[in-house]
Amino acid sequence: EVREGECSFLVNFTDYLDTGLLLDHRNTRTRIGEEAEGKRFLNLYGYTGTATVHAVLGGAVSSTTVDLSTTYLKWAEMNLSLNGIHPDRHLLVHADCMQWLTEHSDVYDLIFVDPPTFSNTRKKSRVFDLQKDHFRLLNLSMSRLRDTGLLIFSTNFRSFKLDDRLAEQYQCSNISKKSIPLDFNQSSRIHQCWEIRHK
């Protein structure tokens with residue numbers, strides 16, 4: 001068990017390639033917590049639910065965390081429980097995010113989108129390529145965002161380039177420099193991050 005601000009998280013140093021806590025996203029999680037009071041939060045590609053914990057402890061009235069991995073969703077459930085978060089208003093959804101976005105019509109005030117660079121599934125022959133598919137992903141995500149809402153999009157794909165059409169449709173602000181913690185200054189391309197709002 002480790003602490004990050006007011007949040008507690010379970011990490012694993014032995015059984016997986018990752019520990020369950022992405023350290024370069026500390027500033028982003030803090031930002032989410034600061035923005036969350038009184039808001040409905042959606043966490044796409046929710047991983048171990050750390051951003052959701054920040055949002056809920058920051059005052060989010062409800063949250064939905066979507067991920068295709070049952071392993072990570074169980075981990076997210078444990079992280080929520082560790083912080084005393086009751087599941088009634090804080091849903092954990094096992095689903096493909098792109099498909100889920102096309103099938104659900106709920107609207108959110110704050111959305112976090114941190115997709116993998118590439119993924120595929122054998123069962124349904126589904127392939128996700130971030131560079132190719134992010135325009136559709138972000139358009140679908142923005143269709144779930146309230147007019148006054150905020151979407152935070154992040155990627156660790158170092159050669160990623162945001163589609164120019166998104167800046168034509170939405171207000172896109174690159175906050176990569178602010179989102180990278182001081183101890184990652186030597187690796188300034190460890191991730192890229194944008195705040196996206198409706199115009």
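The values are calculated or read from the model by the stated rules, or taken from the named source; none is laboratory data. None of these values were measured; they are calculated from a predicted model. As a convention, Cβ positions derive from the backbone with ideal geometry for all residues, glycine included, and neighbour counts pool all protein chains shown. Remember, those area values only see protein heavy atoms, side chains included, never the ligands or the DNA or RNA. Shrake-Rupley method; radii C 1.70, N 1.55, O 1.52, S 1.80 Å.
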Inset, instruction - Keeping every protein chain in place, order THR117, THR28 by accessible area at 1.4 Å, biggest value first, i.e. largest first. - result: THR117, THR28
Inset, instruction - Amide H neighbours of GLU4 under 5 Å, at least 5 residues apart or on other chains, H built in the peptide plane: list them. - result: PHE9
Inset, instruction - Output the Kirkwood hydrodynamic radius of the chain, Cα pairs only, in Å rounded to one decimal. - result: 17.0 Å
Inset, instruction - Could you work out the local net charge near ASN185, counting Lys and Arg as +1, Asp and Glu as -1, over the other residues with Cβ closer than 15 Å to its Cβ? - result: +2
Legend entry - Dipole of the chain [Lys/Arg +1, Asp/Glu -1 at C-beta], most positive-end residue of LEU82, VAL2, THR148: THR148
Legend entry - Positive-end extreme of charge dipole, segment 84-199 - chosen from HIS104, ASN174, LEU162 (charges on Cβ): LEU162
Legend entry - Solvent-accessible area, 1.4 Å probe, carbon plus sulfur percent, for segment 1-59: 50 percent
Inset, instruction - Could you tell me the number of lysine pairs in the chain with C-alpha atoms less than 25 Å from each other, where the two lysines are 8 or more residues apart or belong to different chains? - result: 15
Inset, instruction - Place the peptides 34-44, 138-148 in order of packing, highest mean first, counting for every residue the other Cβ atoms within 10 Å and averaging per peptide. - result: 34-44, 138-148
Inset, instruction - Quick one: which residues, 5+ away or cross-chain, put their amide H under 5 Å from the amide H of LEU42? H built at 1.01 Å from N. - result: THR64, LEU110, ILE111, PHE112
Legend entry - For segment 60-168, accessible area per residue (1.4 Å probe, heavy atoms of protein chains only), Å²: 52 Å²
Legend entry - Spin-label model distance (nm) - THR148 vs GLU37, 7 Å beyond Cα toward Cβ: 1.5 nm
Legend entry - Estimated inter-spin distance, THR14 and ARG158, nm [label 7 Å along Cα→Cβ]: 3.2 nm
Inset, instruction - May I ask you to compute the full-extension gain from ALA167 to GLN131, defined as 0.36 nm times their residue separation minus their alpha-carbon distance, rounded to one decimal in nm? - result: 11.4 nm
Inset, instruction - Give the carbon-plus-sulfur fraction of the accessible surface of segment 90-199 in %, rounded to a whole number; probe 1.4 Å, heavy atoms of protein chains only. - result: 48 percent
Inset, instruction - Output ³J(HN,Hα) for segment 61-72: one whole-Hz value per residue in order, computed from phi by the Karplus curve 6.51 cos²θ - 1.76 cosθ + 1.60 with θ = phi - 60°, and x for Gly and Pro. - result: 7, 7, 8, 10, 10, 10, 7, 8, 8, 5, 4, 6
Inset, instruction - Treat every Asp and Glu Cβ in segment 28-101 as -1 and every Lys and Arg Cβ as +1, leave all other atoms uncharged, and give the resulting dipole magnitude about the Cα centre to the nearest 20 debye. - result: 60 debye
